[in-house]
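**Q** For reference, the structure I am asking about is given below.
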Amino acid sequence: MNTDLKALDAWTGRTETVQDTITPTPVVALTATLDHPAAAAPAGTPLPPLWHWLYFLPMHRQSEIGADGHAKRGGFLPPVPLPRRMWAGSQFSFHAPIRVGDQVARTSTIDGVRSTSGRTGRLVFVKVRHEVRCNGATDPALVEFHDIVYREAQRADDVVPPPQPAVRGAWRREIVPDDVLLFRYSALTFNGHRIHYDRKYVTEVEGYPGLIVHGPLIATLLMDLLRRQLPDADVADFRFKAVRPTFDLHPFHVNGELQADGKTVRLWASDHEGWLTMDATATLR
């Protein structure tokens with residue numbers, strides 16, 4: 001792996017730019033998926049935080065898809081020689097609204113590649129920086145850092161990290177992660193990763209007990225909880241870290257509470273046993 005990692009270092013600094021148009025249909029579709037009343041999204045409607053994930057979708061040819069449903073390794077992302085890939089977390093700075101009708105460009109840069117060892121063996125972390133600009137603007141409307149973790153195949157003797165207990169939040173909503181919810185979010189984000197819809201694959205090949213709820217979906221549900229509680233809130237920054245996988249076998253909860261300073265919102269997700277699965281913080285303007 002050390003030799004492989006040296007080769008992967010060559011990917012640091014690579015960039016790509018893709019363009020898109022903020023069309024209304026994905027906004028209307030995610031509104032329905034998150035169980036809000038039907039609403040139109042006319043031109044000028046601002047995207048809620050994180051809904052930019054509905055755009056810049058990975059349009060790989062079918063012949064370029066690997067066994068796990070993702071694009072084959074290589075291309076823009078480095079070809080990490082580890083079989084399991086997960087979204088570990090993200091950090092965001094929101095500078096200006098992104099609106100329906102905007103012509104948008106996203107410039108992505110490989111910010112770094114790091115290797116380490118954990119309880120389950122070798123890990124490789126890849127950090128990607130995304131900058132989204134609207135209508136030819138020089139300054140980005142959004143800056144996102146995306147943390148991807150690659151893991152070795154699961155083994156029978158893997159040591160599972162101890163779970164962290166989660167408290168009940170002042171805000172709390174139960175989510176039922178059924179097959180339909182996971183399918184709809186996969187479809188909206190054009191995410192072919194089989195761990196979210198192929199039960200035979202996720203249990204027999206990757207060794208998980210059930211379908212895995214998308215990390216971005218949970219993060220979106222946390223931000224959606226904030227919007228339900230503080231409809232007029234203007235989010236300046238947001239960060240989240242995946243702590244523990246969430247499976248479709250049981251309902252889970254999204255929690256939150258406004259801190260004493262009136263600007264910091266702590267948000268977190270917990271599973272049916274009360275263990276912390278995602279930890280997040282939003283800062284309001």
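The values are calculated or read from the model by the stated rules, or taken from the named source; none is laboratory data. Every value quoted in this text rests on a predicted model; they were computed, and no experiment measured them. Here Cβ is always computed from backbone atoms with ideal geometry, including for glycine, and neighbour counts include all displayed protein chains. In case anyone asks, the SASA skips ligands and DNA or RNA and just uses the protein heavy atoms, side chains included. Shrake-Rupley method; radii C 1.70, N 1.55, O 1.52, S 1.80 Å.
**Q** Given the conditions (1) within 18 Å of the chain's Cα centre (by Cα); (2) within 23 Å of residue 149 (Cβ to Cβ); (3) open to solvent by 50 Å² or more (accessible area, probe 1.4 Å); (4) of a type outside the set (S, T, N, Q), report the number of the one that residue 221 does not fulfil.
**A** (3)
**Q** Also, I was wondering about something else. Somewhere in region 262-274, is a residue at pLDDT 95 or above, at positive phi and surrounded by fewer than 17 Cβ atoms within 10 Å (Cβ to Cβ)?
**A** Yes: one or more hits.
**Q** For residue 95, are the conditions met, namely being open to solvent by less than 20 Å² (accessible area, probe 1.4 Å), within 30 Å of residue 231 (Cβ to Cβ) and either among the small types (Gly, Ala, Ser) or within 20 Å of the chain's Cα centre (by Cα) (or both)?
**A** no
**Q** If we scan region 18-27, do we find a residue that is surrounded by fewer than 16 Cβ atoms within 10 Å (Cβ to Cβ), charged (D, E, K, R) and either closer than 30 Å to residue 115 by Cα or over 17 Å from the mean Cα position of the chain (by Cα) (or both)?
**A** no
**Q** Moving on. Filter region 257-285 for residues that are polar (S, T, N, Q) and outside any strand (DSSP E or B) and give the result.
**A** Of everything in region 257-285, just one residue is polar (S, T, N, Q) and outside any strand (DSSP E or B), namely 259.
**Q** Moving on to the next point. Residue check: is residue 82 open to solvent by 40 Å² or more (accessible area, probe 1.4 Å) and either assigned to a strand (DSSP E or B) or touching a Phe, Trp or Tyr at 6+ places or on another chain (Cβ under 7 Å) (or both)?
**A** Judged against the criteria, residue 82 is not a match.
**Q** Being of a type outside the set (D, E, K, R) and part of a helix (DSSP H, G or I) is the filter here, so list the residues in region 58-79 that pass it.
**A** Scanning region 58-79 gives 62, 63.
**Q** How many residues does region 1-53 hold that are over 30 Å from residue 79 (Cβ atoms), part of a loop (DSSP other than H, G, I, E, B) and either aromatic (Phe, Trp, Tyr) or in contact (Cβ under 8 Å) with a residue 12 or more places away in the chain (or both)?
**A** The number of residues fulfilling the criteria is 12.
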